[in-house]
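The values are calculated or read from the model by the stated rules, or taken from the named source; none is laboratory data. Computed from a predicted structure; not experimentally measured. Virtual Cβ from ideal backbone geometry, glycine too; neighbours counted across all protein chains shown. Accessible surface is based on the protein model in full, side chains and every heavy atom, while ligands, DNA and RNA are left aside. Shrake-Rupley method; radii C 1.70, N 1.55, O 1.52, S 1.80 Å.
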Amino acid sequence: MQFPNERQLKALRERFPAGTRIRLNHMDDPYAPVPPGTTGSVAYVDDAGNVHMKWDNGRTLSLIPDEDDFTIIKEEENT
């Protein structure tokens, strides 16, 4: 696993600020994945580039950009 540099981290944190709404399409976790279609909010992006989530179903499993498939939910979709 290669850690992102400072520029990459800054870009991730700008793309996924806290509170950003996400819909999971597929999680590549063979043990305890979050189900596809689950929605949640970004808590923060850590120094490894993982997107920490507060899933609406109570889970807190992080997303890994470029590994997990997910979509940012646009404001108009929330209403």
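Descriptive notes on the structure:
- Each of Ile73 and Ala48 was given a label point 7 Å from its Cα along the Cα-to-Cβ line. The distance between the two points is 2.7 nm.
- Per-residue ³J(HN,Hα) for segment 63-72, Karplus 6.51 cos²θ - 1.76 cosθ + 1.60, θ = phi - 60°, Hz, x for Gly and Pro: 9, 10, x, 6, 10, 8, 9, 8, 10, 6
- Surface per residue (accessible, 1.4 Å probe) for the chain, Å²: 67
- Solvent-accessible area, 1.4 Å probe, carbon plus sulfur percent, for the chain: 50
- Between Phe3 and Asp66, full extension at 0.36 nm per residue minus the direct alpha carbon distance yields a gain of 21.4 nm.
- In order along segment 3-19, the Karplus-derived 3J(HN,Hα) couplings, from 6.51 cos²θ - 1.76 cosθ + 1.60 at θ = phi - 60°, round to 7, x, 7, 4, 5, 5, 4, 4, 5, 4, 5, 6, 6, 10, x, 3, x Hz, and Gly and Pro are given as x.
- Long-range amide H partners of Ile73 with built H, under 5 Å: Arg21, Ile22, Arg23
- Cα shape, the chain, gyration tensor, a/c 1.5 rule: oblate
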